[in-house]
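Undergrad: Got a structure for you, written out below as structure tokens; questions coming shortly.
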Amino acid sequence: MQRWLEKRYEALWDKFKLQEFSFAQAAKVLKEQFEDEGSQVKVILSELRKSKLLEASFDESDARRRIYRLRARNQILFDSVSSEGESFTRGDLERLVKAAADLIRTRVDYTFILLLLFYKRISDKWQAEFKRVYREAINDGFTEDEALREAKNSAYHDIDIPEDLLWDNIRKDPARLAENFSMAMKVLSEKNPLLRDMLENMDFLQFASNRENTEILRQLVELFSTRSLENASPDLLGDAYEWILRYFAPQKAKEGEVYTPKEVIDLLVEITDPKPTEIVYDPACGAGRMLISAYKFVEEKYQSREEADKLLLFGQEHQRRTLSIAKMNLYIHDISNCHIAYGDTLLYPRFKDENGLKKFDVVIANPPWNQDGYQEDVLKKGEFWRERFRYGFPPRQSADWAWIQHMLTSAKDETGRIGVVIDNGCLFRGGKERAIRTNIINADLIESVLLLPEKLFYNTGAPGAIIILNKNKPEARREKILFINASQEYEKHPDIRKLNRLGKEHIEKIVKAYKEFKDIDGFSRVVEIKKIKENDYNLNVTLYVFPEEEIENIDVAKEWSEILSIDERIKNVTEKIEEYLKELGY
């Protein structure tokens, strides 16, 4: 409620409380205290009715007159709380984010949609917490003013937000939206240090530096203001974040940004099979989607969010803006058992313990493929380089095997499972990469190599590969590597014509083959390491297993009969045409 209206409500409440009063009586009070005229009183009473703070009924003695009765503020809050069970569907949220995406298209960085969605969520959640505490305080005998003060106490709120920086208060002044949001980012970062990485990298003043963007910001704010997000589940909000990231992936791919398809992430997580109480690490975590997928996998497999909460998640990201998205993404999913750090993983790994580099049960990532500039002299400037790059240094033009070695070193000796999505070329390129590959194969650390279908990724048509490494391979798998050729396991992407994707049945087939670790004609093959040595340590999947071409069975007699039949029909048609030509004199 606007302050001018609130003052008039308070004046009427002091005079009448819950007693009935007439228009004339209200006009007298407002005239005395605020010098409001009759026409203004009509507007005031109308606005109070819209705010549900005033009820009106007809006077039984004179139907032309109305009788008014104020409603207590706590009653309004009770009514609001009672509506908390109203459903907010996936369709509602999808329509909201699609409208936002259509509004900005490619003119504005999509990160601002994510940030506004995040801010609306934390603001609506604060208000829900406020209403709950206020109601409990009233029930405990607090006065209205005491209950209001109690409900604003930061101890009751997940995030400390000053009341004047709540969403509805920021949007009151459309001309100053950029300034207000900019101030809100600064204040909230100071009051909530955990939000600093999420909020400090978003510059609303720069965003609204031109008139077009200022109007886009206004429309986005009004769009998100149409629905309350306090009742939206973390799963729905998380899906909205995933939808936005996926929607803008084709455009961002042109700018060099990597987006790992959800199906590839799900495949990697199912193969590495994280369990409650284990620690999962993504050294190139991007928007945090692999860590979230690991959490959701445990939640679904064990049918318990409590079990998923036992999973500890760690990630590192070297781009500030992407780090912000990752932290917002995890918060929106209501995942708190996660630690995301900023920095260049290959040079400055952030997670350490008393023994040096921290060790994890599951290490999964889709690092930048063929990353340039991490040759020997550069990597030797980084921390723990002797420990991490013991199998050799990569060439300047590709850091693929540097990433793989870092992930290997980060895995526990007894339980460590490593899954990496990587460029197919690192499986067979020569030179320094072959030397590293040779050492890792001889150490018997590679468990499986999987060739993916082509056209799965937004930024390249190349097929890509997944390498599964295990520091403690089961006895039956030692001195062997399972090759899986999944190049034919795809369906057409439903939304993007030029792309393919892994279907659910394809993921199930690949995971089953990995678990069974056996030969399947045209699909998988268990190869002894001595055979790989004979092939010059080449891990190219097609060298060991190639999809069988479907052989078409042809009934020769039937086909010949059909050919003769066609010849006979052609002969008959030819004879008829000749007859027609003769009749015409030709």
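Undergrad: Work out the FRET efficiency for ASP377 and PHE34 from their Cβ-Cβ distance, taking R0 = 51 Å, and round it to the nearest 0.05.
TA: Efficiency for this residue pair is about 0.10.
Undergrad: Quick one: dipole size for the chain, taken about the Cα centre, charges +1 on Lys/Arg Cβ and -1 on Asp/Glu Cβ, in debye to the nearest 20.
TA: It works out to roughly 1340 debye.
Undergrad: How far is helix 556-583 tilted, in degrees, relative to the longest principal axis of the Cα atoms in the chain, given as a value from 0 to 90 rounded to the nearest 10?
TA: 80
Undergrad: Computed over the Cα atoms, what is the radius of gyration of the chain divided by 2.2 N^0.38 Å, N being its residue count?
TA: Compared with the compact-globule rule of thumb, the chain sits at 1.34.
Undergrad: A further question on this structure: Need one number for segment 224-287: average projected area of the convex hull over its C-alpha atoms, nm².
TA: 6.6
Undergrad: Can you give the alpha-carbon Rg of segment 210-339 over 2.2 N^0.38 Å, where N counts its residues?
TA: 1.16
Undergrad: Let me ask something additional. If contacts are Cα pairs under 8 angstrom and at least 6 residues apart, what is the relative contact order of the chain in percent?
TA: Relative contact order of the chain: 8 percent.
Undergrad: Tilt of helix 38-50 relative to the longest C-alpha principal axis of the chain, in degrees (0 to 90, nearest 10)?
TA: 40
Undergrad: Something else now. What chymotrypsin sites (Phe, Trp or Tyr not before Pro) in segment 351-437 are in a loop by DSSP, with at most 16 other Cβ atoms within 10 Å of the Cβ?
TA: Those that pass, being in a loop and sparsely packed, are PHE384.
Undergrad: Right, something else. Mind ranking 285-295, 568-578, 474-484 by how tightly packed they are, going by the mean number of other C-beta atoms within 10 angstrom, highest first?
TA: Put in order of decreasing packing, that is 285-295, 474-484, 568-578.
Undergrad: Lys/Arg Cβ at +1, Asp/Glu Cβ at -1, dipole of segment 94-141 taken about the Cα centre: which of ILE138, LEU117, ILE104 is farthest positive-ward?
TA: Going by the Cα projections, it comes out as ILE104.
Undergrad: Sticking with this structure for a sec: Report the extension gain between LEU543 and GLU475 in nm, rounded to one decimal, defined as 0.36 nm multiplied by the number of residues separating them, less their alpha carbon distance.
TA: 22.0 nm
Undergrad: If we restrict to alpha carbons, what Rg and Dmax does segment 249-543 come to, in Å?
TA: Values for segment 249-543 (Cα only, Rg and Dmax): 18.0, 51 Å.
Undergrad: Hey, another quick one. First check a/c for segment 369-481, with a ≥ b ≥ c the square roots of the eigenvalues of its C-alpha gyration tensor; if it is under 1.5, answer rounded, and if not, answer prolate when a/b is larger than b/c or oblate otherwise.
TA: The shape class here is oblate.
Undergrad: Looking only at Cα atoms, what is the convex hull volume of segment 445-586 per residue, in Å³?
TA: 243
Undergrad: Which cross-chain or sequence-distant (5 or more) residues have an amide H under 5 Å from the amide H of ARG66, H modelled 1.01 Å from N in plane?
TA: Result for ARG66 returns PHE23, ASP59.
Undergrad: Along the charge dipole of the chain, pointing to its positive end and built from +1/-1 on Cβ of Lys, Arg, Asp and Glu, which listed residue (GLY288, THR277, ASN213) has its Cα farthest out?
TA: Ranked along the dipole, the leading option is ASN213.
Undergrad: Go ahead and estimate [θ] at 222 nm for the chain from helices alone: -39,500 (n - 2.57) per DSSP H run with n ≥ 4, summed, over the residue count, rounded to 500.
TA: Rounded to the nearest 500, it is -14500 deg cm²/dmol.
Undergrad: Same structure, new question: From the backbone phi of segment 436-452, what are the Karplus-calculated ³J(HN,Hα) couplings (6.51 cos²θ - 1.76 cosθ + 1.60, θ = phi - 60°) in whole Hz, Gly and Pro given as x?
TA: 5, 4, 4, 5, 6, 5, 5, 7, 6, 9, 8, 9, 8, 10, 10, 8, 8
Undergrad: Once the Cα gyration tensor of segment 88-247 is found, what semi-axes does its equivalent ellipsoid get, as square roots of 5 times the eigenvalues, in whole Å, sorted largest first?
TA: So the three semi-axes of segment 88-247 are 29, 19, 14 Å.
Undergrad: Using the alpha-carbon atoms, what tilt in degrees (0 to 90, nearest 10) does helix 504-516 show relative to the longest principal axis of the chain?
TA: Once rounded, one gets 60 degrees.
Computed from the coordinates by the stated procedures, all read-outs in this text should not be read as laboratory data. What you see is a predicted model, and the numbers here were worked out from it, not measured in a lab. All Cβ positions, glycine included, derive from the backbone under ideal geometry; neighbour counts span all protein chains shown.
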